[in-house]
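Inspection log for the structure reproduced underneath, given as structure tokens.
The values are calculated or read from the model by the stated rules, or taken from the named source; none is laboratory data. These numbers come from a predicted model, not from an experiment. Cβ: placed from backbone, ideal geometry, glycine included. Neighbour counts: every protein chain shown. Keep in mind that these areas ignore ligands, DNA and RNA; they rest on the heavy atoms of the full protein, side chains included. Shrake-Rupley method; radii C 1.70, N 1.55, O 1.52, S 1.80 Å.
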Amino acid sequence: MSATREQIIGMSFDRHMSVSAGAGSGKTRVLVQRFIEILDQNPGIDIKSIVAITFTRKAAAEMHKRIVETVEKKLDDIMNADYPDPLLISKWDSIRQKLPAARISTIHSFCSAIIRDYPIEAEIPPNFSELSKGEALSLRISCAEKTLEDYLQDSEKQANDC
């Protein structure tokens, strides 16, 4: 079976990639494979330079877990080979030790980290906090009411100008 254009592009490492598909379609598997391939093909890469973003904490935790399991399996396979390669053992052991610093997160926590790192550029106080669900709902309602009031005032003004 030949690979589709999308599959070929998805496995190239000269570009950023977004994976979108339905639940259970294998997105996490593809992203884990890509993460591992990047580590494998780029010796000495700073693990923090690889960013994997999902929409939920559960998905981010699952992706991180699978990456850790994959690295552990690679290391175990190398160490249990008939002739273990000390350079490969060192490489994958180093990767394993750096995995806690991997940037595998939700879009919200990724953006929060950027804002916390660059509060002046973002023009946001460094001690900002994310809105709670209740605060977000209250703000949405307030904005909707203000927009509706402004619209009605503009409509009334236009009617009076005629």
| Classify region 123-162: rounded, prolate or oblate, from the alpha-carbon gyration tensor (a ≥ b ≥ c, eigenvalue square roots; a/c under 1.5 rounded; otherwise prolate if a/b is larger than b/c)? | oblate
| request: Let me know the charge dipole size of the chain about its Cα centre in debye, to the nearest 20, where only the beta-carbon of Lys, Arg (+1) and Asp, Glu (-1) is charged. | output: 580
| note | In whole percent, the fraction of accessible protein surface over the chain that belongs to carbon or sulfur atoms, probe radius 1.4 Å, stands at 56
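Pulled fully out, how much extra length does the chain show between Asp117 and Glu156, if you take 0.36 nm times their separation in residues and subtract their Cα-Cα distance?
Details: separation 39, 0.36 × 39 = 14.04 nm, distance 4.64 nm.
Fully extending the segment from Asp117 to Glu156 adds 9.4 nm.
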| query | For helix 86-98, what angle does its Cα long axis make with the longest principal axis of the chain, in degrees from 0 to 90 and rounded to 10? | reply | 20
| Which shape class, rounded, prolate or oblate, goes with region 90-157 when its Cα gyration tensor gives a ≥ b ≥ c as root eigenvalues, a/c under 1.5 marks rounded, and past that a/b bigger than b/c marks prolate? | prolate
| task | Find out how many positive minus negative residues lie around Ser49, taking Lys and Arg as positive, Asp and Glu as negative, among other residues whose Cβ is under 12 Å from that of Ser49. | result | +2
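From the mean inverse distance of alpha carbon pairs (Kirkwood) and the Cα radius of gyration, derive Rg over Rh for region 79-121.
We get a ratio of 1.32 for region 79-121.
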| For Ile115, what charge total do you get from the other residues with a beta carbon under 12 Å from its beta carbon, if Lys and Arg give +1 and Asp and Glu give -1? | -3
| note | Among Ala52, Ile120, Gly24, the residue whose Cα sits farthest towards the positive end of the charge dipole of the chain (+1 at Cβ of Lys and Arg, -1 at Cβ of Asp and Glu, taken about the Cα centre) is Gly24
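Averaged per residue, what accessible surface does the chain expose to a 1.4 Å probe, in Å²?
Here the per-residue accessible area is 77 Å².
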| remark: The computed P(r) of the chain puts the percent of Cα pairs beyond 26 Å at 51
| query | Can you give the angle from 0 to 90° between the axis of helix 107-117 and the longest principal axis of the chain, with both taken from C-alpha atoms, to the nearest 10? | reply | 90
| field | region 65-162: chymotrypsin sites (Phe, Trp or Tyr not before Pro) in DSSP loop, at most 14 other beta carbons within 10 Å | value | Phe128
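What 222 nm value per residue comes from the helices of the chain, counting each DSSP H run with n ≥ 4 as -39,500 (n - 2.57) and dividing by all residues, nearest 500 deg cm²/dmol?
-20000 deg cm²/dmol
Within the chain, what's the longest run with no GluC sites (Glu not before Pro) in a DSSP loop and at most 14 other beta-carbon atoms within 10 Å? Give the range, please.
It works out to 1-122.
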| query | So what is the relative contact order for region 56-121, in percent, with contacts set as C-alpha pairs under 8 Å and at least six apart? | reply | 42
| message | I need to check one value: relative contact order of the chain, counting alpha carbon pairs closer than 8 Å and at least 6 residues apart, in percent. | response | 21
| field | Unit charges at the beta carbon, dipole of region 64-162: most positive-side option, Cys111, Gly134, His64 | value | His64
